1. Being free of Cβ contacts under 8 Å to residues at least 12 places away in the same chain and not in a loop (DSSP other than H, G, I, E, B) is the requirement here; does residue 82 meet it?
2. Residue 111: away from ligand 3 (no atom under 16 Å from the Cβ), more than 25 Å from residue 243 (Cβ to Cβ), out of contact with any helix residue (DSSP H, G or I) (no Cβ under 9 Å at 6 or more places or on another chain) and not acidic (Asp, Glu), yes or no?
3. So which of 234, 238, 206, 219 is within 30 Å of residue 106 (Cβ to Cβ) and surrounded by 13 or more Cβ atoms within 10 Å (Cβ to Cβ)?
4. Looking at segment 208-245 only, could you name the residues that are over 13 Å from residue 181 (Cα atoms) and within 16 Å of ligand 2 (Cβ to nearest atom)?
5. Does residue 147 satisfy the condition of being modelled with pLDDT of 95 or more, closer than 30 Å to residue 28 by Cα and of a type in the set (Asp, Glu)?
6. Using beta carbons and a limit of 9 Å, which pairs, at least six apart or on different chains, have the first residue in segment 205-216 and in contact (Cβ under 8 Å) with a residue 60 or more places away in the chain and within 11 Å of residue 237 (Cα to Cα) and the second one charged (D, E, K, R) and not in a loop (DSSP other than H, G, I, E, B)?
7. Filter the helices (runs of 4 or more DSSP H) completely within segment 152-194 down to those with at least 3 residues that are farther than 20 Å from residue 230 by Cα, within 16 Å of ligand 4 (Cβ to nearest atom) and among the small types (Gly, Ala, Ser).
8. Could you list all residues from segment 133-162 that are of a type outside the set (D, E, K, R), closer than 19 Å to residue 84 by Cα and away from ligand 3 (no atom under 16 Å from the Cβ)?
Amino acid sequence: AKSQGRGNFQFFSASMNAATHERLLLENRLWLALEQGEFELYLQPQVALDDLRIIGAEALLRWHHPELGLVGPDRFIPIAEESGLILPLGDWVLQQAVELLAGWRARGLGRLRLAVNLSARQCHGAGPLAQLDRLLAGAGIDPALLELEITESAAMQDPERSRLLLRELRARGIKVAIDDFGTGYSSLSYLKLFELDRIKIDRSFVKDIESDPNDAVIVEATIALAHSLGLAVVAEGVETAAQRDFLRAKGCEEAQGYLFARPMPALAFEALLQPLAKR
Ligand code: C2E
Ligand code: CA
Ligand code: CA
Ligand code: CA
């Protein structure tokens, strides 16, 4: 029994495997979840590699599912994409992000940057521009503190539209980063086609920096390439001090990863900043 869509009765046969069962649990509740306030944005700190201060965070969605507990985005974003919920959910994420930035500003933490992920569907049509204009007009925050992360595969589904979207975002002062850089098929044409601010080196390259000489060369060359194009670099998935030291030595300015901190609720993130706020 495959889902027939929103609100339909589902028959759970005993033979249904666990994965299908979970998918139905997620699918059936997804639309309700937004109304019920079951989503939460976790924040993962991003640090400057020269002095390890926190310069901002990436917003990462979590779902408090009543039966399944805390569910990560890899399990529900694909379903949300297929069903179209990603559009209202993506709008909700942007709204939360702008509220967080406004709150930080009000508390004197107004220099922190917040990075938000955009899905492929959000890059279609008019994209999130109208929503962003509405949010930014009321919030009184510096648009440069908001960064949108777009993967190459999302942008390449409709390169011309994405190019215009990124241009419009940057015209508003919003920052744009390529997520998962190097994992797609057209990373170099992406650099040529799109106007960007930052490249995010994918965890798959960072992971084996110490053991795989090819990955070390690729990461070093990516940093150099980004810098010669005038782009900043943030490395993701940094888990060891050796990875951190390698990246710093190669001139990568920022990093994010379990070595520094895991994604956490906004209150926990803000608690990390308290000593800074009091200075
Ligand atoms: P991503 O944008 O590449 O996000 C980085 C993922 O790596 C996050 O997984 C993060 O928790 C994880 N991570 C960070 N540091 C480390 C590390 O040191 N080691 C390891 N092993 N993992 C690390 P998460 O939170 O499960 O998110 C998965 C993906 O879901 C994200 O990948 C992103 O593509 C998507 N996603 C998350 N939030 C949103 C959202 O609000 N909207 C959209 N469209 N997609 C989102
Ligand atoms: Ca991301
Ligand atoms: Ca990424
Ligand atoms: Ca990823």
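1. Here the answer is yes, as residue 82 does meet what is asked.
2. no
3. Sole residue among the options that is within 30 Å of residue 106 (Cβ to Cβ) and surrounded by 13 or more Cβ atoms within 10 Å (Cβ to Cβ): 234.
4. 238
5. So residue 147 fails the test.
6. Filtered contacts from segment 205-216: no entries.
7. Details: elements: 152-156, 159-171, 187-193.
So the answer is 152-156.
8. Result: 157, 162.
The values are calculated or read from the model by the stated rules, or taken from the named source; none is laboratory data. Not measured: the values here are computed from a predicted model. Cβ atoms come from the backbone with ideal geometry, glycine included; neighbour counts cover every protein chain shown.
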